[in-house]
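Data block below; observations after.
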Amino acid sequence: MWGRVRRIGGKVVDSLRTEERTGREERPHNLFEAAATYVSACAEDDQERIDEAAGWVSPEALAFGVNELACRAVVALARERGASPRTVARDLLGLPAA
């Protein structure tokens, strides 16, 4: 069952790539690599890496990857802090407790 889910997910990810597969040894970047590079570059204020990562996938795919990274980060921090994801997200953004 999980193998089938992975194959379907792989097809979705492949469809979101903007780069064509070539015979080169270097593989294209996927949306999660793009998102990780983009977010870390934003945190470090590295405009060159931001632009590079933004060119690896479509803007829609990058937005999806950044959203997924944010969700995973909030869940991980919530587990680490023993708090709810909502509380952690509001705290990270400097919002008052709900």
Counted residues in segment 25-36 being open to solvent by less than 40 Å² (accessible area, probe 1.4 Å) and more than 14 Å from the chain's Cα centre (by Cα) come to 1
I'd like the residue in segment 47-73 that is over 19 Å from residue 28 (Cα atoms) and within 13 Å of the chain's Cα centre (by Cα) and, out of all such residues, is surrounded by the most Cβ atoms within 10 Å (Cβ to Cβ). 69
Of the conditions (1) at pLDDT 95 or above; (2) surrounded by fewer than 17 Cβ atoms within 10 Å (Cβ to Cβ); (3) of a type in the set (Val, Ile, Thr), the single one that residue 22 does not satisfy is (1)
Picked from segment 81-98 (must be open to solvent by 80 Å² or more (accessible area, probe 1.4 Å) and basic (Lys, Arg)), the residue farthest from residue 71 (Cα to Cα) is 81
If you go through segment 37-46, how many residues are on the phi < 0 side of the Ramachandran plot and surrounded by fewer than 16 Cβ atoms within 10 Å (Cβ to Cβ)? 5
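The values are calculated or read from the model by the stated rules, or taken from the named source; none is laboratory data. Everything numeric here is computed off the predicted structure, so don't read it as measured data. Here the Cβ is made from the backbone with ideal geometry for all residues, glycine too, and neighbour counts use every protein chain on show. Surface accessibility is based on the protein's heavy atoms, side chains included, excluding ligands, DNA and RNA. Shrake-Rupley method; radii C 1.70, N 1.55, O 1.52, S 1.80 Å.
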